[in-house]
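Here the structure is laid out as structure tokens; the discussion comes afterwards.
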Amino acid sequence: QLDQRFWAPTCDCLRTVEPLEYYRRFLKENCRPDGRELGEFRTTTVNIGSISTADGSALVKLGNTTVICGIKAEFAAPPTDAPDKGYVVPNVDLPPLCSSRFRSGPPGEEAQVASQFIADVIENSQIIQKEDLCISPGKLSWVLYCDIICLDYDGNILDACTFALLAALKNVQLPEVTINEETALAEVNLKKKSYLNIRTHPVATSFAVFDDTLLIVDPTGEEEHLATGTLTVVMDEEGKLCCLHKPGGSGLTGAKLQDCMSRAVTRHKEVKKLMDEVIKSMKPK
């Protein structure tokens, strides 16, 4: 009893004064301070269709990290160099509301990196073919504005954003649009809506590297801060690699990279199952 009484404050002091040493003590035992194993994700939940004013939306929680994605569809002229295509415009917002590390004003570096990462995922995975967003070649197409806002930041923002985007896109229903040949105006039939043709289901799996060798999955904000590097792997349902994001930090051996890929394949199955169950539960009986 005496030992326990004295150990608790010592442990808390160590976490404050020497956080890395505090973490190493746990990692030596193959566990983490929050009780997870090294390859274990935090509890993941998804709520689809939560914003009634959006054309599609989803709220994802990954432990404390909370992200919401709202999609708005608007008309635009197709690009001149691709008259048979529409647009998908993603934007990730990390407001001061989600963490004291972010400031108000123009997007910071982390928000810009996250926005570019999501744009790369959309492009590389071909989640939607932009030809599917064309209404009339050279005349009219859809623009999907995908706004992803972080409400609570506790690490692993890329996994949460990718999941929220995918779930929100699966929730989008677009009305039937025809061009009146006499007036050349668009006529919208709101009574006849159809879901987007989601061609692949990309899922992100992020890792933090500790002391250049040890890999942990789904890092918290504190773990990201202490890590010597991070890595995000995006896979589709066929086990194909869509994206690999490694912003500097310590290098990884081929064997370690293979471990990450294997874990990403398993994670894809977990996320897809969770999303399918939620979508199924929403359908009228």
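Values quoted throughout were computed directly from the atomic coordinates according to the rules given, and no laboratory measurement underlies them. The structure presented is a predicted model; accordingly, all values stated were derived computationally and were not measured. When we count neighbours, we look across all protein chains shown, and the Cβ atoms used for this are built from the backbone with ideal geometry, even at glycine.
Here are the numbers:
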| quantity | calculated |
| --- | --- |
| Built amide H within the under 5 Å cut-off of residue 31, gap 5+ | none |
| All-pairs alpha carbon distance profile, segment 1-156, 10 Å steps from 0, percent | 10, 24, 28, 19, 10, 6, 2, 1 |
| Two-decimal log10 I(q)/I(0) for the chain, as the Debye equation yields it once each C-alpha is a single scatterer, q = 0.07, 0.17 Å⁻¹ | -0.31, -1.39 |
| Placed amide H near residue 49: partners under 5 Å, 5+ positions off or other chain | 57, 58, 59 |
| Backbone HN-Hα couplings from phi across segment 77-82 [Karplus 6.51/-1.76/1.60, Hz, Gly and Pro as x] | 6, x, x, 5, 7, 9 |
| Phi to ³J(HN,Hα) by Karplus 6.51 cos²θ - 1.76 cosθ + 1.60 over segment 69-76, Hz, x for Gly, Pro | 10, x, 10, 10, 9, 9, 8, 7 |
| Estimated [θ] at 222 nm from DSSP helical runs (n ≥ 4, -39500 (n - 2.57)) normalised by residues in the chain, nearest 500 | -10500 deg cm²/dmol |
| Efficiency of FRET from Cβ geometry, residue 188 and residue 282, R₀ 25 Å, rounded to 0.05 | 0.55 |
| GNM top mover of 204, 77, 264 - the chain, alpha-carbon springs below 10 Å | 77 |
| Rounded, prolate or oblate (a/c below 1.5 giving rounded, otherwise prolate when a/b exceeds b/c) for segment 140-183 by Cα gyration tensor | prolate |
| 3J(HN,Hα) from dihedral phi, segment 45-55, Karplus parametrisation 6.51/-1.76/1.60, rounded to Hz, x for glycine, proline | 10, 9, 10, 9, x, 7, 9, 5, 7, 8, 7 |
